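Notes to accompany the following structure.
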Amino acid sequence: MKKTITLLAGILVCTGLFAQVNSSQSYTKNLLKAVNNKVTMSGEEVLSHLMVNPNPTTSLNTKLASANEVVIGTTTYDLQSNAAVQNRIVHHDDGTISAGWTTSQELTQQWSDRGTGYNFFDGTNWGGNPTARLESSRGGWPSIIVMGSGKEASITHNTDNSYINMTHRPAVGTGTWTEQIISSIDDSTGLYRDLTWNRTAVGGLNKETLHMVGIANASDTVNVVYGIPNALLYYRSQDEGVTWDIQDMQLPTLDSANFNRFSGDSYSLTAEGETVVLAYFNDWGDSFIIKSIDNGTNWTKTIFLDFPVDKYKTDSGFDLDNNDTTDHVYTTDGYGTVILDDNGQAHVFYGVMKNADDDLSDGGSSWFPSTNWIAYWNESYGADYSDSTLKDTIGYVDAAGIVTPRGIWWSDIMNDHIVAQAPDLNGDGIVGGVDSTGGYALYYASRASMPNAGISANGEIYLSFSGYTETADNGSQVYRHLYITKSSDGGSTWKTPVDVTPNVSWIGMKECVFGSMVPTVDDKIRIVFQMDNEPGLIVRGDEDLVDFNDIVYIEIDTVGLFGTSVSVNDIKNTTQFTVYPNPANDYTSIAISLDKTEKVILTIVDLLGKEISKEEKVLFSGKTTERLDVSNFQNGVYFINLQVGNKITTQKLVITK
């Protein structure tokens with residue numbers, strides 16, 4: 001940090017600043033602004049304002065969309081994280097896989113059965129979709145870990161009892177789960193330390209060390225630890241969690257002299273051998289890594305985004321040039337990840353967000369939903385030393401049409417390393433869809449966000465993220481898909497991101513978020529993520545109707561992934577399939593052309609995924625026309641799925657009467 005808000009800074013116009021940013025948007029563009037009403041959820045809240053979905057069975061019709069996708073579980077509690085995504089998947093040396101997520105099977109807003117959903121791949125098959133949590137009482141936010149002895153565990157925060165809980169068993173994939181409490185006893189209350197939003201990583205030379213961080217729940221005056229509300233505390237065990245030799249440790253400089261408070265889930269933790277790294281993704285303060293190379297005993301902090309104001313407080317006036325007009329700032333959106341390479345060097349990715357605090361009486365701030373970047377940093381770049389000088393000034397046009405000069409600030413090191421964005425699919429120079437002026441799905445995130453990453457044995461860096469997909473929408477909101485890009489030169493250049501979402505049978509109408517990626521990439525990229533039919537969330541933001549979301553495992557071949565501009569999910573066959581008339585009233589015709597005699601399956605589903613009809617038949621080579629009576633169909637959008645072998649082609653059918 002370089003200054004406080006009382007210092008004067010000049011305005012610097014940098015004409016060549018965007019040379020490194022291949023983007024469809026400009027830092028100085030007037031963007032839609034939204035009030036930041038994000039509520040960080042622990043899961044203790046009861047959302048009494050939500051409705052129960054009157055048709056809860058529709059999610060059961062979810063089918064495999066491609067050979068590389070498997071639904072391994074479901075949940076009605078769909079907030080998998082408030083920001084950065086935890087390690088939720090472990091690929092074992094023998095080819096088996098452990099995966100976890102926050103689950104609930106209740107169609108009520110209490111979600112009293114919430115806890116860890118867990119599934120195991122035995123090398124051939126995944127287990128059946130779990131219907132119950134691992135724990136005996138309510139919890140969530142699992143970190144899935146495996147230790148040197150083969151012991152595996154899910155570490156969660158327990159909302160029934162307000163502590164961190166470890167549910168474990170002695171062998172991967174088999175055995176009885178046992179629970180134990182990790183939180184220390186708070187001497188002032190005699191109760192367990194109220195911790196939430198853990199991140200846990202396995203390290204040590206024999207993979208016996210557990211490193212854990214969590215937030216100490218506190219208001220501004222109650223349960224304050226080390227003089228800072230929501231302190232970020234560190235725990236360590238060197239015997240696979242049996243005992244904890246460090247508890248409630250405040251890591252160096254993460255104190256009230258440097259920070260006002262810490263936000264739940266805005267951090268990522270990783271470890272390898274004696275090296276452990278915590279990355280923190282701030283919105284109105286410094287973003288940094290803090291690293292230990294001696295298994296958690298000593299720590300060194302490096303700032304990768306140096307926020308221009310020390311300990312900024314909302315409504316105090318973000319005015320860098322001291323001209324009595326508030327300025328705008330590019331910072332992180334809180335979603336980020338950190339991984340370690342074979343040399344123990346940290347690689348960091350985060351979503352970029354433009355923020356503002358123009359109203360100094362509302363107790364809050366604003367964000368710009370159309371911000372659309374992911375930035376990258378590694379330790380070879382060194383610390384960020386951007387000064388507090390404004391980078392540009394724009395005439396910002398507010399909702400009332402009033403033009404006000406606003407200064408813009410961004411970090412030079414961030415700007416030089418923008419590596420990905422949600423794509424401009426229709427080529428109009430703008431990444432925006434039907435919800436660009438409002439009504440968008442609320443994740444309080446950049447349009448390219450939720451990054452996760454992995455590294456291959458030859459040093460190639462792979463990045464996955466959830467990206468706004470402007471051409472896929474349900475008529476009112478745009479869907480997010482999973483994208484992957486990679487760098488083969490240590491992060492200097494990056495491939496054009498590829499959409500790897502399994503969405504062939506839905507014409508892209510699937511919401512894919514909260515991806516957790518195996519950090520070691522071989523010939524496969526392995527990700528577990530959440531997918532459903534509706535953009536946005538039930539628990540927060542959109543507050544959609546309570547319904548089931550799928551937890552999906554996807555496996556992507558690295559060979560050939562970037563060798564073509566065609567999505568890995570594009571179907572390449574000789575089947576031709578048309579529907580006419582469309583829109584239809586009483587009937588429509590389905591014309592199918594095959595190059596050989598084949599058995600086909602023709603399925604019609606509604607917008608929620610409910611199966612309306614299904615027919616199997618053998619069609620001869622050449623063109624066949626089937627007449628479909630739709631006189632009893634309700635007005636709306638339907639999908640006709642034609643399956644030939646393991647290939648699925650979809651056409652949208654609109655009924656208007």
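What the table shows:
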quantity: Label-point separation in nm, MET249 to THR124, each point 7 Å along Cα→Cβ; calculated: 4.5 nm
quantity: Extension gain, ASP473 back to ASN37 (0.36 nm per residue minus Cα-Cα distance, nm); calculated: 154.5 nm
quantity: Most to least accessible of ASP435, ASP122, ASP499 (protein chains only, probe 1.4 Å); calculated: ASP122, ASP499, ASP435
quantity: Modelled FRET efficiency - R0 35 Å, VAL434 with GLU460, Cβ distances, 0.05 increments; calculated: 0.45
quantity: Sulfur and carbon atoms: percent of accessible area, the chain [1.4 Å]; calculated: 49 percent
quantity: Label-to-label distance, nm, for residues given as LEU191 and ASN161 (7 Å Cα→Cβ offset); calculated: 1.4 nm
quantity: Computed lengthening from PHE562 to ASP523, 0.36 nm per intervening residue step minus Cα-Cα distance; calculated: 12.7 nm
quantity: Using a Förster distance of 45 Å, the FRET efficiency for TYR381-SER589 (Cβ separation, nearest 0.05); calculated: 0.15
quantity: For the chain: relative contact order, % (alpha-carbon pairs under 8 angstrom, 6 or more apart); calculated: 13 percent
quantity: Segment ASP362-LEU425, length gained on full extension (0.36 nm per residue, minus Cα span); calculated: 18.9 nm
quantity: ASN260 paired with PHE620, simple spin-label distance in nm, labels 7 Å along Cα-to-beta-carbon; calculated: 7.6 nm
quantity: Heavy-atom surface of the chain, accessible at 1.4 Å and reported per residue (Å²); calculated: 38 Å²
quantity: Listed residue pairs exceeding 30 Å between alpha carbons, taken from LYS33/LYS301; LYS291/LYS354; LYS207/LYS486; calculated: LYS33/LYS301
quantity: Summed side-chain charge close to LEU278 - residues other than LEU278 whose Cβ falls under 10 Å, Lys, Arg +1, Asp, Glu -1; calculated: +3
quantity: Two-site FRET efficiency, ASP113 against THR221, from Cβ-Cβ distance with R₀ of 35 Å, rounded to 0.05; calculated: 0.55
quantity: Integer Hz, Karplus 6.51/-1.76/1.60 couplings in order for region 536-551, x for Gly and Pro; calculated: x, 10, 7, 6, 8, x, 5, 6, 5, 4, 5, 7, 7, 10, 8, 9
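The values are calculated or read from the model by the stated rules, or taken from the named source; none is laboratory data. Every value quoted in this text rests on a predicted model; they were computed, and no experiment measured them. For neighbour counting, all protein chains shown are included, and Cβ atoms are generated from backbone atoms with ideal geometry for every residue, glycine included. Calculation scope for accessible area: heavy atoms of the full protein, side chains included, ligands and nucleic acids excluded. Shrake-Rupley method; radii C 1.70, N 1.55, O 1.52, S 1.80 Å.
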